[in-house]
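The values are calculated or read from the model by the stated rules, or taken from the named source; none is laboratory data. Predicted model, so just to flag it, every value in this text is computed and none were measured. Cβ: placed from backbone, ideal geometry, glycine included. Neighbour counts: every protein chain shown. Heads up: the accessible areas ignore ligands, DNA and RNA and are worked out on the full protein's heavy atoms, side chains in. Shrake-Rupley method; radii C 1.70, N 1.55, O 1.52, S 1.80 Å.
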Amino acid sequence: MNIAIFGGSFDPPHLGHDMIVKEALKSLNINKLIIIPTFLSPFKSEFGAPPNLRLQWCRSLWENLSTKIIVSDYETSQNRAVATIESVIYFKNKFNASRIYLIIGADQLNSLHKWHRYDELKALVSFVVACRDGIKIDENLQKLDINVKISSSKIKSELNFKHIPTAILDSVEKFYKDKNAK
(Lines give C-alpha, C1' and ligand atoms only; values in the text may rest on other atoms or scores of the structure.)
Protein backbone atom coordinates (compact mmCIF):
# COMPACT_ATOMS: atom_id res chain seq x y z
CA MET A 1 0.00 0.00 0.00
CA ASN A 2 1.22 3.51 -0.83
CA ILE A 3 0.41 6.24 1.65
CA ALA A 4 1.09 9.96 1.86
CA ILE A 5 1.35 11.79 5.16
CA PHE A 6 0.61 15.49 5.40
CA GLY A 7 1.15 16.79 8.91
CA GLY A 8 1.12 20.30 10.23
CA SER A 9 -0.21 22.70 12.80
CA PHE A 10 -3.10 23.78 10.55
CA ASP A 11 -3.37 26.81 12.83
CA PRO A 12 -5.55 27.65 10.91
CA PRO A 13 -5.97 25.47 7.81
CA HIS A 14 -6.03 27.68 4.70
CA LEU A 15 -6.47 27.52 0.93
CA GLY A 16 -2.78 26.63 0.48
CA HIS A 17 -3.28 23.50 2.60
CA ASP A 18 -6.43 22.74 0.60
CA MET A 19 -4.50 23.02 -2.67
CA ILE A 20 -1.81 20.66 -1.32
CA VAL A 21 -4.43 18.05 -0.37
CA LYS A 22 -6.13 18.22 -3.77
CA GLU A 23 -2.86 18.17 -5.73
CA ALA A 24 -1.55 15.21 -3.68
CA LEU A 25 -4.71 13.23 -4.47
CA LYS A 26 -4.34 14.06 -8.15
CA SER A 27 -0.59 13.58 -8.67
CA LEU A 28 0.64 10.97 -6.17
CA ASN A 29 0.14 7.24 -6.67
CA ILE A 30 -1.41 6.62 -3.25
CA ASN A 31 -4.05 4.50 -1.61
CA LYS A 32 -4.39 6.77 1.43
CA LEU A 33 -3.65 10.42 2.24
CA ILE A 34 -3.31 10.82 5.99
CA ILE A 35 -3.71 14.38 7.26
CA ILE A 36 -2.33 14.79 10.77
CA PRO A 37 -2.84 18.01 12.74
CA THR A 38 -0.17 18.30 15.43
CA PHE A 39 -0.85 18.63 19.12
CA LEU A 40 2.09 21.03 19.14
CA SER A 41 4.89 21.35 16.62
CA PRO A 42 8.20 20.15 18.11
CA PHE A 43 9.64 23.50 16.92
CA LYS A 44 7.04 25.68 18.66
CA SER A 45 6.32 26.47 22.29
CA GLU A 46 2.58 27.11 21.94
CA PHE A 47 -0.35 26.83 19.59
CA GLY A 48 -2.97 29.41 18.65
CA ALA A 49 -6.10 27.29 18.37
CA PRO A 50 -6.42 24.22 20.60
CA PRO A 51 -5.56 20.87 18.99
CA ASN A 52 -9.11 19.49 18.96
CA LEU A 53 -10.46 22.59 17.24
CA ARG A 54 -7.78 22.38 14.53
CA LEU A 55 -8.60 18.68 14.12
CA GLN A 56 -12.29 19.57 13.75
CA TRP A 57 -11.47 22.19 11.09
CA CYS A 58 -9.38 19.67 9.14
CA ARG A 59 -12.13 17.06 9.33
CA SER A 60 -14.70 19.60 8.14
CA LEU A 61 -12.52 20.44 5.14
CA TRP A 62 -11.19 17.11 3.97
CA GLU A 63 -12.77 14.05 5.56
CA ASN A 64 -15.54 13.80 2.97
CA LEU A 65 -13.46 14.95 -0.01
CA SER A 66 -12.25 11.46 -0.93
CA THR A 67 -12.41 7.91 0.39
CA LYS A 68 -8.60 8.01 0.24
CA ILE A 69 -8.40 10.68 2.96
CA ILE A 70 -8.03 10.02 6.67
CA VAL A 71 -7.87 12.99 9.02
CA SER A 72 -6.11 11.46 11.99
CA ASP A 73 -6.16 12.39 15.67
CA TYR A 74 -2.98 10.36 16.23
CA GLU A 75 -0.86 13.36 17.24
CA THR A 76 -3.55 15.48 18.91
CA SER A 77 -4.54 12.53 21.13
CA GLN A 78 -0.96 12.20 22.42
CA ASN A 79 -1.26 15.53 24.29
CA ARG A 80 2.37 16.34 23.50
CA ALA A 81 4.60 17.32 20.63
CA VAL A 82 5.10 14.23 18.42
CA ALA A 83 8.13 13.88 16.18
CA THR A 84 7.33 13.11 12.55
CA ILE A 85 9.33 9.88 12.70
CA GLU A 86 6.91 8.55 15.34
CA SER A 87 3.89 9.22 13.12
CA VAL A 88 5.60 7.76 10.06
CA ILE A 89 6.45 4.52 11.91
CA TYR A 90 2.94 4.32 13.38
CA PHE A 91 1.22 4.65 9.98
CA LYS A 92 3.79 2.46 8.20
CA ASN A 93 2.90 -0.33 10.59
CA LYS A 94 -0.85 0.39 10.67
CA PHE A 95 -1.19 0.17 6.88
CA ASN A 96 1.74 -2.16 6.19
CA ALA A 97 2.85 0.60 3.82
CA SER A 98 5.36 -0.29 1.13
CA ARG A 99 5.85 3.33 0.10
CA ILE A 100 5.42 6.47 2.19
CA TYR A 101 5.35 9.96 0.79
CA LEU A 102 5.89 12.73 3.33
CA ILE A 103 4.45 16.05 2.19
CA ILE A 104 6.24 19.12 3.47
CA GLY A 105 6.25 22.80 2.58
CA ALA A 106 9.29 24.26 0.83
CA ASP A 107 9.73 26.54 3.85
CA GLN A 108 10.73 23.46 5.88
CA LEU A 109 13.64 22.42 3.63
CA ASN A 110 16.29 24.47 5.44
CA SER A 111 15.52 22.95 8.84
CA LEU A 112 14.74 19.40 7.74
CA HIS A 113 18.12 18.13 8.95
CA LYS A 114 17.15 19.24 12.48
CA TRP A 115 14.11 16.96 12.60
CA HIS A 116 14.25 14.20 15.21
CA ARG A 117 15.97 11.05 13.84
CA TYR A 118 16.23 12.70 10.42
CA ASP A 119 18.50 10.01 8.93
CA GLU A 120 16.01 7.30 9.85
CA LEU A 121 13.14 9.42 8.56
CA LYS A 122 14.72 10.05 5.16
CA ALA A 123 15.36 6.30 4.80
CA LEU A 124 11.65 5.57 5.36
CA VAL A 125 9.97 8.25 3.23
CA SER A 126 10.02 9.95 -0.12
CA PHE A 127 9.77 13.68 0.51
CA VAL A 128 7.23 15.57 -1.57
CA VAL A 129 7.69 19.33 -1.41
CA ALA A 130 4.86 21.81 -1.85
CA CYS A 131 6.26 24.83 -3.68
CA ARG A 132 6.00 28.03 -1.68
CA ASP A 133 7.20 31.63 -1.85
CA GLY A 134 9.51 30.91 -4.80
CA ILE A 135 11.85 28.80 -2.64
CA LYS A 136 14.28 26.79 -4.77
CA ILE A 137 13.69 23.05 -4.50
CA ASP A 138 16.37 20.50 -5.36
CA GLU A 139 15.54 18.89 -8.70
CA ASN A 140 15.90 15.42 -7.13
CA LEU A 141 12.87 16.05 -4.90
CA GLN A 142 9.31 15.44 -6.01
CA LYS A 143 7.22 18.62 -6.05
CA LEU A 144 3.61 19.62 -5.70
CA ASP A 145 3.49 22.67 -7.89
CA ILE A 146 1.06 24.90 -6.04
CA ASN A 147 3.35 27.85 -5.24
CA VAL A 148 1.09 29.92 -2.99
CA LYS A 149 1.99 32.84 -0.76
CA ILE A 150 -0.20 32.06 2.22
CA SER A 151 0.84 31.32 5.78
CA SER A 152 -1.15 30.56 8.90
CA SER A 153 1.14 32.91 10.86
CA LYS A 154 0.33 35.81 8.56
CA ILE A 155 -3.40 35.06 8.72
CA LYS A 156 -3.26 35.17 12.54
CA SER A 157 -1.08 38.26 12.80
CA GLU A 158 -3.12 40.30 10.30
CA LEU A 159 -6.52 38.77 11.18
CA ASN A 160 -7.13 38.64 7.44
CA PHE A 161 -9.24 35.59 6.67
CA LYS A 162 -9.57 35.84 2.86
CA HIS A 163 -7.50 32.64 2.41
CA ILE A 164 -9.65 30.50 4.72
CA PRO A 165 -11.95 27.97 3.02
CA THR A 166 -15.62 28.91 3.23
CA ALA A 167 -16.57 25.70 5.06
CA ILE A 168 -14.65 26.80 8.20
CA LEU A 169 -14.45 30.56 7.70
CA ASP A 170 -16.97 31.60 10.37
CA SER A 171 -15.46 29.33 13.03
CA VAL A 172 -11.86 30.34 12.24
CA GLU A 173 -12.64 34.05 12.13
CA LYS A 174 -14.62 33.95 15.38
CA PHE A 175 -11.92 31.97 17.21
CA TYR A 176 -8.97 34.20 16.29
CA LYS A 177 -10.88 37.48 16.66
CA ASP A 178 -12.15 36.41 20.11
CA LYS A 179 -8.65 35.29 21.11
CA ASN A 180 -7.14 38.56 19.93
CA ALA A 181 -9.75 40.60 21.86
CA LYS A 182 -8.61 39.10 25.19
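A few remarks follow.
- Near-label residues of the range 70-105 by backbone N, under 16 Å of a point 7 Å along Cα→Cβ of A167: 70-73
- Computed with a 1.4 Å probe over protein heavy atoms only, the accessible surface of the chain comes to 52 Å² per residue.
- Seen against the Cα atoms of the chain and their longest principal axis, helix 166-181 is set at about 60 degrees.
- Theoretical FRET efficiency, 1/(1+(r/R0)^6), r = Cβ-Cβ of R99 and E63, R0 25 Å, to 0.05: 0.60
- Full extension of the chain between I137 and S45 gives 30.3 nm of extra length, using 0.36 nm per residue less the Cα-Cα distance.
- Summarising the amide proton neighbourhood of S126: residues at separation of 5 or more, or on other chains, whose placed amide H is nearer than 5 Å comprise I100, Y101, L102.
- Comparing Cα centroids, the range 105-176 and the range 24-83 end up 13 angstrom apart.
- FRET efficiency, A123 to N31 (Cβ-Cβ, R0 30 Å, nearest 0.05): 0.90
- For the chain, the mean projected area of the C-alpha convex hull, equal to one quarter of the hull surface, is 10.1 nm².
- Computed over protein heavy atoms with a 1.4 angstrom probe, the accessible surface ordering of S87, S27, S9, largest first, is S27, S9, S87.
- Seen against the Cα atoms of the chain and their longest principal axis, helix 84-95 is set at about 70 degrees.
- Count of Lys pairs (Cα-Cα under 14 Å; at least 8 positions apart or interchain) in the range 33-175: 7
- Mean residue ellipticity, 222 nm, helices only, the chain: the sum of -39500 (n - 2.57) across DSSP H runs of n ≥ 4, divided by residue count and rounded to 500, is -11000 deg cm²/dmol.
- Length available on full extension from K114 to Q78: 0.36 nm per residue minus the Cα-Cα distance, which gives 10.8 nm.
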